[in-house]
Amino acid sequence: WLGLVLFAAIMYVTFNLVQAVASPYVDWIDGVFNGPLAQGAAALLATVAAPAWLTSLVVDGIIPGVGGVLAFVPSLLMLYLALGLLEQSGYLARAAFVMDRFMSIIGLHGKSFVPLILGFGCNVPAIYATRTIESPTARRLTALLVPFMSCTARLPIYVIFGLAFFPHRAGLVIWGLYLLGMVVAALVAAVLTRTMLRSDSAGAMIMELPPYQAPAWRSIGRQAMQRSGSFVRKAGTVILAMSVLLWLLLHIPFGVTEPRDSLFGQATAAVAPVFAPAGFGTWSATAALVSGVMAKEVVVATLAQIHVGAESAPADAPLPTLGAGVRAVADGFVTATADA
């Protein structure tokens, strides 16, 4: 049991360290896209007398979509660096072996542990990683459990609601949500292995444990960059497309000034009463939920476009200069590095 306690402590420190280092850069990227970049794009389009709808599409649709994708990169990169360090040092294989005793209680074995841990970064590569599990039943069960692991796409949602409703205990609430996902996954696994997915293999887990060794930092960095880049290429296209589609739905019919009067607003308002028993029967909450079905990452962008999308600068506000924008970006990066 000492190994389990040590593993829990290492994972807790790892996730807190990842969050502490990545958060300033996430805020910096968000500030760049919603600040100097959006203002610069608006100024450029104003100089060429672009129509209002094109300016709105670029400033409220495309730029937030790209920023929403890139804002996940610091968290993903730090998480993959941490996991790569644990893997190359030889600890991750031992953690899988230690977890075998606990996971056998819910019908799994230690080899299911690595894909589940990868699920905290992104569920898609975590499901791919289940291919290393020999047992077909354990492989299917692990793939079904991966979505219960809170990936980085859910982290911005946790942060927003944690800070909004529990400003003084946001960190504890976020950690509790991660823990809740793991508990639910364990309960679901315990039920499925006793009903629909009975284990087709027995016996203890046998694996070769690599020796403890100094990690190859260049290899860890290259792997982390490749995995983060894969997320940007695959999930980024979906997020960007959904952001543009959301902008379009919030502006149909053309000329509406309030998101509630748009096609999307009217449609979600019609189905909002269905979610009233759950406590979020408003059209805006329903709109965020509907968009999150396609991509969890879009929930924050949906709420932002609905609630703060109209808070744009006055038409007669002075346009920012290029030098001021570059200085703001550089100052923000220096501040983020100092905070990290």
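Looking only at the stretch 211-229, decide whether some residue is at pLDDT 85 or above, among the charged types (D, E, K, R) and part of a helix (DSSP H, G or I).
Yes, the stretch 211-229 has at least one match.
So that you can scan it fast, the table gives a plain yes or no per residue for (1) under 25 Å from the mean Cα position of the chain (by Cα); (2) within 18 Å of Leu57 (Cα to Cα):
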site: Gly255; (1), (2): no, yes
site: Leu263; (1), (2): no, yes
site: Ala270; (1), (2): no, no
site: Ala276; (1), (2): no, no
site: Trp283; (1), (2): yes, no
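If you check Glu311, Glu258, which single one turns out to be out of contact with any Cys (no Cβ under 8 Å at 6 or more places or on another chain), among the charged types (D, E, K, R) and modelled with pLDDT of 70 or more?
Answer to the check: Glu258.
Tell me, please, whether a residue that is at pLDDT below 85, assigned to a loop (DSSP other than H, G, I, E, B) and either in contact with a Ser or Thr (Cβ under 9 Å, 6 or more places away or on another chain) or under 22 Å from Leu177 (Cβ atoms) (or both) can be found in the stretch 45-68.
no
The values are calculated or read from the model by the stated rules, or taken from the named source; none is laboratory data. Bear in mind the structure is a predicted one, so any value in this text is a computation, not a measurement. Neighbour counts run over all protein chains shown; Cβ positions are idealised from the backbone, glycine included.
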